[in-house]
1. Let me spell it out: the conditions are (1) free of Cβ contacts under 8 Å to residues at least 24 places away in the same chain; (2) exposed (fewer than 13 other Cβ atoms within 10 Å of the Cβ); (3) not assigned by TED's automatic domain parsing to the domain that holds Gln24, and Val82 meets all of them except one. Which number is the exception?
2. Based on what the data block shows, is Asp95 among the acidic types (Asp, Glu), at pLDDT 95 or above and more than 26 Å from Ile22 (Cα to Cα)?
3. State all residues of region 104-148 that are basic (Lys, Arg) and not in a strand (DSSP E or B); if no residue qualifies, say none.
4. Collect the residues in region 45-63 that are β-branched (Val, Ile, Thr) and within 18 Å of the chain's Cα centre (by Cα), keeping them in residue-number order.
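The values are calculated or read from the model by the stated rules, or taken from the named source; none is laboratory data. Bear in mind the structure is a predicted one, so any value in this text is a computation, not a measurement. Positions of Cβ are generated from backbone atoms using ideal geometry, with glycine treated the same way; all protein chains shown enter the neighbour counts.
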Amino acid sequence: MENKCEKILNKYQKEEGNVISILQHMQEEFGYIPDDAVYWFAKKLNIPSSNFFGVATFYSQFHLKPRGRHIITACCGTACHVKGADPVVHRIKSDLALAEGEETTPDMHFTLESVACIGACSLAPVVKFNKKIYGTVSPDKVTDLIDKYGHKKGK
């Protein structure tokens, strides 16, 4: 990890530690923002770690926990809610056996995130698998999609 951090540090030290750029690069390198890396940069650049965490928690593009290979984004906005998003989200959690408060499967294959709106209200309810949007999904349809993306039954 330290070698990757050194490489990022060398690039941004000259720019007086642009926190957002460092966080973006960190996430690109690690797939998320590791606490250890934040503390490492904070010490090396003499920037409080709270500055890094403040920015990382403010912007939804940053993730403080490792994420799965496939990201399932469930729209929970008004149109999707009215058209049945709750049963779809419950089915996803059930199919993936996600424990309460967990977003990522133990095998790191899937991460489920809920958003206020995907912007495809006419297709409600909507889920996105990675970057592909699926509309008018039902609990059964979402199970088929999860299987299509490589879910191993019984895990």
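1. (1)
2. Yes; evaluated as a whole, the condition is true for this residue.
3. Hits for region 104-148 are Lys131, Lys141, Lys148.
4. Answer for region 45-63, where residues must be β-branched (Val, Ile, Thr) and within 18 Å of the chain's Cα centre (by Cα): Val55, Thr57.
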